[in-house]
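A short write-up of the structure that comes next.
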Amino acid sequence: MSDIRRIIIDSDTGGDDAAALILAAKSPTVDILGVTVAAGNVPLPQAAQNALAALELAGCDAPVYLGADRPLNGEEKECFSVYGKDGMGDADLIHPVGKPQEKPAVDFILDTVRENPGEIEIMALGPVTNIALAIQKDPETMKQVKRIWSMGTAGFGPGNATPVAEFNAYKDAPAYKVMLELGVPVTVIGLDMDDEPTWTWEDRLQQMMEGSPIQRFVATSTRKLLEFKKGNGIAAVDLPDAVAMGCLVWPDFVEETTQCYASCITQPGETYGMVIFYREGFTYDSMPKIGACNVSVVSKAKKTEFVDRLNKVFAE
């Protein structure tokens, strides 16, 4: 049991978040102490319902806590939802038995870290508003977090909210900046880790519809995403949050990380929400010195194995 990692998952639960939650719930390498939810893919109440439904399907009784219903500074950044109005394919999938806990998400995060200093890892699958609020409320406690894993930023590739900004960072860039400046180890899994080798193509999704309850759930919950992708000439879905979770739960999945100093752009304009990575050991002519590295960016993983690994878990 000493090898089991104790994690909190912070989510804005849409279809790819749900797949990530199920992957973690089925993993023998982690113990989910709780799931905190924030608005992002969907409004806060829907995010909680989606998280509860995904956990129940996976046979996991991890509690769910309600967090932020708006960004850190209250300024909403509108983005088109590729997962439907309910974030889960608008397929009437979401009927959880359980209810969210009474304790606020920020209090749960802080209490859990206080009780387990240096042991708790946080996997952030959405805008990191809850994490930023916890930092602002009690920075000394949050400095005892063992590691934050962030499915956020474009990595070393293009964005999806804008040409340079990824959805999670764009939805609450001030919160992302607060997280980066905390000083605890942060591992970033960017959009560049979610490219074609990790996509699930339509024929595989059709096979999943004939498979286990979890496979059917995931295939159905991503149907609006498939429609969107097909409208852009790609008959496949991507699951960036599940890729990020794979980096945490599969010890051999990540093959390379790049040490960087990361800076999040919060000023209004075309680059809002962009996270710039200054690579360790790289010479920049206009800035001989950069800050100490504050993130490890996943730069190589066993992407071609991802779909088969995920489906093996979902088929069980």
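Worth pointing out:
- Residue within the stretch 227-239 that is more than 23 Å from Ile122 (Cα to Cα), modelled with pLDDT under 95, charged (D, E, K, R) and not in a helix (DSSP H, G or I) present: no
- Across the stretch 249-265, the number of residues qualifying as surrounded by 17 or more Cβ atoms within 10 Å (Cβ to Cβ) and part of a loop (DSSP other than H, G, I, E, B) comes to 3.
- Among residues of the stretch 185-203 that are in contact (Cβ under 8 Å) with a residue 24 or more places away in the chain and among the aromatic types (Phe, Trp, Tyr), those with a beta-carbon under 6 Å from a residue that is surrounded by fewer than 23 Cβ atoms within 10 Å (Cβ to Cβ) and assigned to a strand (DSSP E or B) at least six positions away or on a different chain give the pairs Trp199/Ala236; Trp201/Ala236.
- Condition check for Ile131: outside any helix (DSSP H, G or I), within 20 Å of the chain's Cα centre (by Cα) and at pLDDT 95 or above: no
- Pairing residues of the stretch 32-55 that are under 19 Å from Ile120 (Cβ atoms) and modelled with pLDDT of 95 or more with residues that are part of a helix (DSSP H, G or I) and among the aromatic types (Phe, Trp, Tyr), at Cβ distances under 6 Å and at least 6 apart in sequence or on separate chains, gives Gly34/Phe108.
- Selection within the stretch 9-61 - open to solvent by 10 Å² or more (accessible area, probe 1.4 Å), part of a loop (DSSP other than H, G, I, E, B) and touching an Asp or Glu at 6+ places or on another chain (Cβ under 9 Å): Lys26, Thr29, Ala39, Gly40, Asn41, Pro43
- Subset of the stretch 227-239 that is over 20 Å from Gln46 (Cα atoms) and buried (at least 21 other Cβ atoms within 10 Å of the Cβ) - its residue that is farthest from the chain's Cα centre (by Cα): Val237
- Just so you know, in the stretch 75-105 the residues that are free of Cβ contacts under 8 Å to residues at least 60 places away in the same chain and aliphatic (A, V, I, L, M) include one that is farthest from Asp17 (Cα to Cα), and it is Val97.
- In the stretch 166-225, residue farthest from the chain's Cα centre (by Cα) [restricted to those that are in a helix (DSSP H, G or I) and hydroxyl-bearing (Ser, Thr, Tyr)]: Thr220
- Residues that are open to solvent by 10 Å² or more (accessible area, probe 1.4 Å) and polar (S, T, N, Q), drawn from the stretch 113-140: Asn116, Gln136
- Residue match in the stretch 283-302 (condition: closer than 30 Å to Leu23 by Cα, open to solvent by 60 Å² or more (accessible area, probe 1.4 Å) and not acidic (Asp, Glu)): yes
The values are calculated or read from the model by the stated rules, or taken from the named source; none is laboratory data. All values derive from a computational prediction rather than experimental measurement. Cβ: placed from backbone, ideal geometry, glycine included. Neighbour counts: every protein chain shown. Side chains are part of the model used for accessible areas, which takes the heavy atoms of the whole protein and leaves out ligands, DNA and RNA. Shrake-Rupley method; radii C 1.70, N 1.55, O 1.52, S 1.80 Å.
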